[in-house]
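What follows is a short report on a single structure.
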Amino acid sequence: MVKSGSSDATSVKLRKLIPRCPICRTSLDGHRYAQIAVTVANEIGMNRVEELLRNFRQHRWREVTKFKDFSPQENAIISYVMTGPHAGGTSVLIRDPSELYEAPELFLQESLTEEDMNAIGEVLSSDQWSNL
């Protein structure tokens, strides 16, 4: 089941950072996303950020989903996956600042194969997905 949501804050944020699907080059209508990881991005947590980045780049999705460190007083690195009415998808890492006056930044974006999306589907439940 996909949660409704093109007006939720995360959907709005993703649409600002990635206005068109990198796979099919169309609007994000009919696409969906899931948050798969979050970790604190500060000097103390840099080892965790590096570990997340390493697992993300190696497409070790089961390991990526183990990152659940969050503090509202700290900047965060958040990983999302996006897919649409096509094979494959996109994974992104976003720097999400704790300060309200700072905008989120796209840190890293990668295309995902259908095989990657199947592996992600094995570690995410269907209720973790929301409409873009």
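Read-outs: derived from the displayed coordinates by stated rules, not from any lab. Quantities reported herein were computed from a predicted structural model and do not represent experimental measurements. Positions of Cβ are backbone-derived with ideal geometry, glycine not excepted, and every protein chain shown enters the neighbour counts.
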Item to check | In region 40-75, GluC sites (Glu not before Pro) in a DSSP loop with at most 10 other beta-carbon atoms within 10 Å | outcome: Glu43
Checklist entry - Residue-wise, which Karplus ³J(HN,Hα) couplings in Hz belong to region 59-68, taking 6.51 cos²θ - 1.76 cosθ + 1.60, θ = phi - 60°, and x for glycine or proline? => result 6, 8, 5, 4, 5, 4, 5, 7, 7, 9
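Net charge around His59, counting only other residues with Cβ within less than 14 Å of its Cβ (Lys, Arg = +1; Asp, Glu = -1)? Can you show the working numbers first?
Values: positive: Arg54, Arg57, Arg60, Arg62; negative: Glu63, Glu110, Glu114, Glu115, Asp116, Glu122.
Its environment carries a net charge of -2.
Give me the number: length gained by fully extending Arg54 to Ser126, i.e. 0.36 nm times residue separation minus the C-alpha to C-alpha distance, one decimal in nm.
Length gained, Arg54 through Ser126: 23.4 nm.
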Checklist entry - For Val92, what is the net charge nearby, where nearby means another residue's Cβ is under 15 Å from its Cβ and Lys, Arg count +1, Asp, Glu -1? => result +3
Checklist entry - For region 24-132, what number results from the quotient of the Cα radius of gyration and 2.2 N^0.38 Å? => result 1.06
Item to check | chymotrypsin sites (Phe, Trp or Tyr not before Pro), loop per DSSP, at most 13 other Cβ atoms within 10 Å - longest free stretch of the chain | outcome: 1-69
Checklist entry - What relative contact order, as a whole-number percentage, does region 9-125 give when Cα pairs under 8 Å and 6 or more residues apart are counted? => result 25 percent
